[in-house]
1. Can you find even one residue in region 207-228 that is touching a Leu at 6+ places or on another chain (Cβ under 7 Å), modelled with pLDDT of 95 or more and surrounded by 21 or more Cβ atoms within 10 Å (Cβ to Cβ)?
2. Could you say which residue among VAL99, VAL73 is at pLDDT 95 or above and in contact with a His (Cβ under 9 Å, 6 or more places away or on another chain)?
3. Tell me, which residue of region 175-206 that is in a loop (DSSP other than H, G, I, E, B) and either among the aliphatic types (A, V, I, L, M) or within 13 Å of the chain's Cα centre (by Cα) (or both) is modelled with the highest pLDDT?
4. Take region 102-140 and flag every residue that is of a type in the set (Ser, Thr, Tyr) and at pLDDT below 95.
5. Consider only pairs whose beta carbons are under 7 Å apart and that are at least six residues apart or on different chains; among these, list those whose first residue lies in region 102-120 and is hydrophobic (A, V, I, L, M, F, W, C) and whose second residue is modelled with pLDDT under 80.
6. Go through PRO234, PRO289 for me and flag whichever is touching a Lys or Arg at 6+ places or on another chain (Cβ under 8 Å), touching a residue at least 60 places away in the same chain (Cβ under 8 Å), under 27 Å from GLU158 (Cα atoms) and not polar (S, T, N, Q).
7. Sort out which residues of region 239-267 are open to solvent by 50 Å² or more (accessible area, probe 1.4 Å) and more than 30 Å from ARG205 (Cα to Cα), and write them in order of number.
8. Please verify whether LEU44 is touching a Lys or Arg at 6+ places or on another chain (Cβ under 7 Å) and open to solvent by less than 30 Å² (accessible area, probe 1.4 Å), treating the condition exactly as stated.
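The values are calculated or read from the model by the stated rules, or taken from the named source; none is laboratory data. Please read these numbers as outputs of a predicted model, since none were measured by experiment. Here the Cβ positions follow ideal geometry from the backbone for every residue, glycine too, while neighbour counts run over all protein chains shown. To get the accessible areas, we keep the full protein, side chains included, count just its heavy atoms, and leave off ligands, DNA and RNA. Shrake-Rupley method; radii C 1.70, N 1.55, O 1.52, S 1.80 Å.
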Amino acid sequence: MMEFSHVSVLLHQSVDALNITPGGIYADGTMGGGGHSEAILQQLGGTGLLLGIDRDEEALAASRKRLESHQNVRYIHDNFSNIRAILEENGIEALSGAVLDLGVSSYQIDNPERGFSYMENAPLDMRMDRSGGMTAYDVVNGYDERRLADVIYQYGEERFSRKIAHLICAARADKPLQTTAELCELIRRAVPERSHARGSHPAKRTFQAIRIEVNGELEILKQAMEDFFDALAPGGRLAVITFHSLEDRAIKTAFASFTQGCTCPKDFPVCVCGNKPRGRLVSRKPILPDENEMTQNSRSRSAKLRVIEKL
């Protein structure tokens, strides 16, 4: 097994945005290799509590090793979308703050056996939680052509989704697709050569789409944002890092709903709805990595950080 490694994106910007106070209770909902968790613990200074949540057991094991000198951490193998149940099980009424890094870790991408990368030949897996559940194999070989095309188009924003799905279904009629290399070759045949020259691998969008489908990444976001925001104590902050437009759009929409006040028509002389903002944006525009970070870590280029504070 390769060593777990991951470079945390927008590390200081996201942790500083939490405005950490000693004695507070914080959650890292996507603990990964523990980069954000370590920065939070350093600011807590041995007080308070950190909940480290991840659905990848290998990530939690790496974090335990990295943070072994810290005693105020609870490691939780679960999906961050279950935050309500997690807090109840741990006897916690409210959070002082939380951070979510929605990207796939470098370890998951670079570890061939996980099947996330279109650059390595591996079994079609793509599960963030390897303890069970649907795999990329199930999606690629089990979905009918229309459903497969819809997934690739909606989650990958791939304009050649119909052709890709058609070639996949034609190929699997002879035998199931087993590996990422087989899938990549079909995608390469489906995407016109002129589209290959734009600097992006032709399989990038399709692999993103299948990964999102396997892990239910977008399905859980709306409710998860509601639950995390509700779990914050007044003055608590939620920091979310996204890596593609679909995620960012979902977070932006959720945050906008928390900051919305009166919904009465503009021609009403007085407010009758009584709605008041529940939160405020810490920064109206997303926080982006600087040139130095993008140079040192090319995978940070698409990252966006949004932060909201509960009123």
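1. Yes, region 207-228 contains a residue that is touching a Leu at 6+ places or on another chain (Cβ under 7 Å), modelled with pLDDT of 95 or more and surrounded by 21 or more Cβ atoms within 10 Å (Cβ to Cβ).
2. Result of the check over VAL99, VAL73: VAL99.
3. The selected residue is LEU177.
4. Within region 102-140, SER105, SER106, TYR107, SER117, TYR118, SER131 qualify.
5. Pairs that qualify, where the first residue is hydrophobic (A, V, I, L, M, F, W, C) and the partner is modelled with pLDDT under 80, are PHE116/GLN108; PHE116/ILE109.
6. PRO289
7. Matches in region 239-267: GLN260, CYS262, THR263, PRO265, LYS266, ASP267.
8. No: the conditions fail for LEU44.
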